[in-house]
Amino acid sequence: MADYQITCVSRQPVPIPIEHSHVVVASTGNGRGKNKKWAVAEVSRALGSAHRFYTEGDATGRADVEVVPCPICHEAYTLTTGAGTSPENSIEALPDCEA
């Protein structure tokens, strides 16, 4: 099993029932050419095999990442950080990955 730090995400806009977005790809790595892009289904399979995905804030440390049904539309799975996560290490605070 391994730990993977998510450093950026790709989001897909969803217009209904209200405008929101789903995280559809997470990029892990150190930003120095060793990045890997993971689709949500790949993250889900890796989590099921005891791997760990997390975000990290300078002052707040690590926050575990989970795969959950979208709490707004319930139509797709997306990534989120757990309850009690600070805004600094929330997955919503991560930058968009470059194309």
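The values are calculated or read from the model by the stated rules, or taken from the named source; none is laboratory data. In this text the structure is predicted, and so the values were computed from the model without any measurement. Every residue, glycine as well, gets a Cβ built from its backbone with ideal geometry; the counts of neighbours run over all protein chains shown. The area values use the complete protein model at the heavy-atom level, side chains included, leaving out ligands, DNA and RNA. Shrake-Rupley method; radii C 1.70, N 1.55, O 1.52, S 1.80 Å.
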Just for the range 45-68: of the residues that are surrounded by fewer than 17 Cβ atoms within 10 Å (Cβ to Cβ) and polar (S, T, N, Q), which one is modelled with the highest pLDDT? SER49
Mind checking which pairs have a first residue in the range 71-83 that is in contact (Cβ under 8 Å) with a residue 60 or more places away in the chain and a second that is open to solvent by 20 Å² or more (accessible area, probe 1.4 Å) and part of a strand (DSSP E or B), Cβ under 8 Å, 6 or more apart or different chains? GLU75/VAL14; ALA76/VAL14; ALA76/PRO69; LEU79/GLU66; LEU79/VAL67; LEU79/VAL68
Return the pair list, or none, for Cβ contacts closer than 7 Å from residues in the range 12-37 that are farther than 16 Å from PHE53 by Cβ and β-branched (Val, Ile, Thr) to residues that are open to solvent by 90 Å² or more (accessible area, probe 1.4 Å) and at pLDDT 95 or above, at least 6 apart or on different chains. none
Looking at this structure, is PRO17 open to solvent by 40 Å² or more (accessible area, probe 1.4 Å), out of contact with any Lys or Arg (no Cβ under 9 Å at 6 or more places or on another chain) and at pLDDT 90 or above? no
